[in-house]
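Structure record follows, encoded as structure tokens.
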Amino acid sequence: MKNITLDVKGMTCGHCKMAVNGALTDLNGISDVEVNLETGKVEVTYDENKVDQEKMKEAIEDQGYDVA
Ligand code: 9UX
């Protein structure tokens, strides 16, 4: 398992938080997601053999948010 923190732009409400959380949780290989609305930091615990940062970025961007 690995842990990374993504910097997500544009999340301003609880629905945003849920959208990002859900999109990441739906990916295969993601075991934990913590979204901090105030800072935009999204901490992800994942299996590096199943998923990578690029897939996470795509899933978040599909929801309409930018990843720094
Ligand atoms: Mo509500 Mo969050 O429109 O973008 S889902 S602010």
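Can you report the number of residues in segment 56-68 which are surrounded by 13 or more Cβ atoms within 10 Å (Cβ to Cβ) and part of a loop (DSSP other than H, G, I, E, B)? Residues flagged as surrounded by 13 or more Cβ atoms within 10 Å (Cβ to Cβ) and part of a loop (DSSP other than H, G, I, E, B) within segment 56-68 amount to 2.
If you go through segment 13-26 and keep only what is of a type outside the set (A, V, I, L, M), assigned to a helix (DSSP H, G or I) and open to solvent by less than 60 Å² (accessible area, probe 1.4 Å), you end up with Gly14, Cys16, Asn21, Gly22. Is it fair to say Asp47 is out of contact with any helix residue (DSSP H, G or I) (no Cβ under 6 Å at 6 or more places or on another chain), away from the ligand (no atom under 16 Å from the Cβ) and among the acidic types (Asp, Glu)? Against the criterion (out of contact with any helix residue (DSSP H, G or I) (no Cβ under 6 Å at 6 or more places or on another chain), away from the ligand (no atom under 16 Å from the Cβ) and among the acidic types (Asp, Glu)), Asp47 qualifies. No other residue among Gly29, Gly10, Gly40 is within 11 Å of the ligand (Cβ to nearest atom) and open to solvent by less than 60 Å² (accessible area, probe 1.4 Å) apart from Gly10. Gln53 meets all of the listed conditions (1) open to solvent by less than 90 Å² (accessible area, probe 1.4 Å); (2) in contact (Cβ under 8 Å) with a residue 40 or more places away in the chain but one, namely (1). Could you give me the residue pairs with C-beta distances under 9 Å whose first residue belongs to segment 8-20 and is within 8 Å of Tyr65 (Cα to Cα), whose second residue is open to solvent by 20 Å² or more (accessible area, probe 1.4 Å) and near the ligand (Cβ under 7 Å from one of its atoms) wherever it lies, and which are 6+ apart or on separate chains? Listed pairs, sorted by first residue: Met11/Ala19.
The values are calculated or read from the model by the stated rules, or taken from the named source; none is laboratory data. Please read these numbers as outputs of a predicted model, since none were measured by experiment. Counting neighbours? That spans all protein chains shown, and the Cβs are built from the backbone with ideal geometry, glycine included. These area figures cover heavy atoms from the full protein model, side chains too; ligands, DNA and RNA do not enter into them. Shrake-Rupley method; radii C 1.70, N 1.55, O 1.52, S 1.80 Å.
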